[in-house]
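Quick notes on the structure that follows.
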Number of protein chains: 2
Amino acid sequence: MLPPALYVNMKEFDLLKIVEEFFGHEDILIPAGKHDAAYVRANDKFLVLTCDTVNEKSDFPRFMKAEEMGYMAASVTLSDIAACGAKPLFFLNAISMKEADFDLFKRILIGIKDVCSKYGVKVAGGDIDFSETLTISGFAVGEAKRIITRNSAKPGENVYVTGLLGKAQLCLELLEKGFDRESLPYPESLYKPEPRIREGLKISEYASALTDISDSLAVSAHLMARGSGVKIVFESIPTKHLENYPVDPLELFLYGGGDFELLYTAKHSEDGIKIGKVEEGKGVYLKVDEELKKVEFRGYSHF
Amino acid sequence: MLPPALYVNMKEFDLLKIVEEFFGHEDILIPAGKHDAAYVRANDKFLVLTCDTVNEKSDFPRFMKAEEMGYMAASVTLSDIAACGAKPLFFLNAISMKEADFDLFKRILIGIKDVCSKYGVKVAGGDIDFSETLTISGFAVGEAKRIITRNSAKPGENVYVTGLLGKAQLCLELLEKGFDRESLPYPESLYKPEPRIREGLKISEYASALTDISDSLAVSAHLMARGSGVKIVFESIPTKHLENYPVDPLELFLYGGGDFELLYTAKHSEDGIKIGKVEEGKGVYLKVDEELKKVEFRGYSHF
């Protein structure tokens, strides 16, 4: 139940390269490797399919309640649906426990039910297995009117996020420094991340590119810049909410994970916080005193 | 990597009762708790949704190759689609590994690709996480023209299975007794179980009730009898393939798990092996010398 190492390079992305080599996707309009979820055709609409897995060793912070484990497992899966601007319809889960602990199981289901009810998602089924490591895998099916991915940002647009970042990682770092749960400034961000379903549905009506931020803003922005063939420049990073703690606020905003906000680009938006712009070129940069500093491809990792 | 305990009562089914209490299913035509997979409406057809999870502690027999772990993970999930007489369309997987072991990962994917290619299933996406226990969760989406479940067996029908049972469990028991992999009589049944997709599609055209056999014939028959409000009587259990080994052939056929054949009822069928009949009443029985013996509700468990 220890929190994971914070900032390491992400071998997960190297593993994902193997996946791309392996599977031909001729019938899949957008495979999940190219975006947060896969798009497949369903008559005049699109189905969006995604899965996510979390476990106690890598993903559950210290002092997390069982209900929150279920909540988080469903939330991170539904966040991929939000990243498609899609309406989530169905959720399925596979839970692996050490033993038939009825109380633990019930509390995990309460958390899953809580977040699914909030967003009108039906829990269609599940599976149970037994394992040394408590693991919850989630699978979600959503419906989208159109395809929007992280790969279509256009030069001249602005870059937005749906909320302030770095809050979950701040809490994780404070736990590492010996804080208890009650003293954390943003416990909800760490323990009950919210999938930005409603925001995704609204934003997808006008945005050019959309993705969620699970690993870090830096990782999501790099994937967006690379996929779109553009350069992303952060011009204004709000860090006031991270100040007055023994941490580096800018580092947390850029490289912290776990907030599950959305990152998107549009000519204009009233829905989010403007943090930068899209330009011709490539890479991700931070403007500091009229100078461009490279933003690294790193963030929260599952290691 | 030790094989699991063989014959214990299944707390999994008690856990499943909690799931039923928890989730209202008003928009789901058949929730997965009532059958092997959930049916939801998709225009004039039905989508079938299911998930399954396997891990090295509970599910992977000794000497299993990494490719076979992937193969099994996909197979057991697709078997639920076969149990709906549905056509599997998409598969997603969530793999949790101890570390970024590229060779292991690649070999698991080879197994997943192998079985998905064989049945025309597209791998739409996946997720990677890190855990002490190697775990593979599979999610599948299928398409069905009509709804067929285990809950509509009718008195007067015959009971069939698509193939001989007990072969996987025989191999598992022989491994326990010190046999090596090369000496096993049916290694494919244990290491590379096959989802009966083609059989399911054909059988669903005329059968009344259909399910797959993952835990044991006894468990599947009990769920079918209970769900249909009927009595199932086994009259002819073929055990020749299990004889000449230091095991109880009838015990293996009835209570062994892992073969992933289909169990179905119909007035008449040329596709399977006839093993019994459906009568009015309740419970599952074995006819021995004109006497009915109770078949217990037990089988292979994930404990």
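Things worth noting here:
- Just so you know, the averaged projected area of the alpha carbon convex hull for chain B sits at 15.8 nm².
- HN-Hα J in Hz across the stretch A:126-141 - Karplus 6.51, -1.76, 1.60, θ = phi - 60°, x for Gly and Pro: x, 9, 10, 9, 10, 8, 5, 10, 4, 9, 10, 9, x, 9, 10, 10
- GNM result for chain A, Cα springs below 10 Å: residue of A:Asp180, A:Asp248, A:Asp14 fluctuating most strongly: A:Asp14
- Dipole in debye (nearest 20) - the stretch B:166-210, about Cα centre, beta carbon charges: Lys, Arg +1; Asp, Glu -1: 140
- Shape metrics for the stretch A:158-300, restricted to C-alpha atoms - Rg then Dmax, Å: 14.9, 46
- Straight-line cross-link reach from B:Lys34 at under 17 Å between alpha-carbon atoms covers these aspartates and glutamates, not counting any fewer than eight positions away in the same chain: A:Asp127, B:Glu12, B:Asp14, B:Glu20, B:Glu21, B:Glu26, B:Asp52, B:Asp80, B:Asp212, B:Asp215.
- Other-copy label distances relative to A:Glu290, 7 angstrom Cα-Cβ extension, nm: 10.6
- For the stretch B:41-117 and the stretch A:109-177, distance of Cα centres in Å: 22
- Size of charge dipole - the stretch B:238-303 - debye, nearest 20, with Cβ of Lys, Arg +1 and Asp, Glu -1, no other charges: 180
- A Gaussian network model of chain B, with springs between Cα atoms under 10 Å, assigns the largest mean-square fluctuation among B:Leu201, B:Leu172, B:Leu104 to B:Leu104.
- Inter-copy label distances at B:Thr239 (7 Å, Cα→Cβ; nm, one decimal): 7.4
- Trypsin sites (Lys or Arg not before Pro) restricted to the stretch A:198-303 and DSSP loop, no more than 16 other C-beta within 10 Å: A:Lys267, A:Lys282
- For B:Phe260, residues with placed amide H under 5 Å, excluding near neighbours: B:Ile213
- Counting charges near B:Gly70 (Lys, Arg +1; Asp, Glu -1) among other residues having Cβ under 10 Å from its Cβ returns a value of +1.
- Top positive-direction residue, dipole computed over the protein assembly as shown with Cβ charges, set B:Tyr160, A:Ala144, B:Pro185: A:Ala144
- Shielding by partners for peptide A:106-114, expressed as the average number of C-beta atoms from other protein chains within 10 Å of each residue's C-beta, is 2.
- In terms of overall dimensions, the protein assembly as shown has a Cα radius of gyration and Dmax of 25.1, 93 angstrom.
- In terms of distances greater than 21 angstrom between alpha carbons, the cross-link table entries A:Lys154/B:Lys122; A:Lys17/A:Lys294; A:Lys274/A:Lys294; A:Lys87/A:Lys122; B:Lys87/B:Lys118 yield A:Lys154/B:Lys122; A:Lys17/A:Lys294.
- Annotation: amide H of A:Leu134 within the under-5 Å range of A:Glu56, sequence separation 5 or more or interchain, hydrogens built in the peptide plane.
- Label-point spacing at A:Arg146 relative to the other copies reads 4.1 nm, in ascending order, each point sitting 7 Å out from Cα along Cα→Cβ.
- Counting charges near B:Glu194 (Lys, Arg +1; Asp, Glu -1) among other residues having Cβ under 13 Å from its Cβ returns a value of -2.
- Members of A:Lys240/A:Lys277; B:Lys192/B:Lys287; B:Lys45/B:Lys231 lying beyond 27 Å, as alpha-carbon distances in this model show: B:Lys192/B:Lys287; B:Lys45/B:Lys231
- Mean separation of Cα contacts under 8 Å, 6 or more apart, over the residue count of the stretch B:50-144: relative contact order %: 47
- Exposed-loop-free span, longest in chain B, where GluC sites (Glu not before Pro) count as exposed if DSSP calls them loop and at most 16 other C-beta atoms lie within 10 Å: B:100-204
Only the coordinates and a few stated rules stand behind these numbers; no lab work does. Quick caveat: nothing in here was measured; it's all calculated off a predicted structure. All Cβ positions, even for glycine, are placed from backbone atoms using ideal geometry, and neighbour counts span all protein chains on display.
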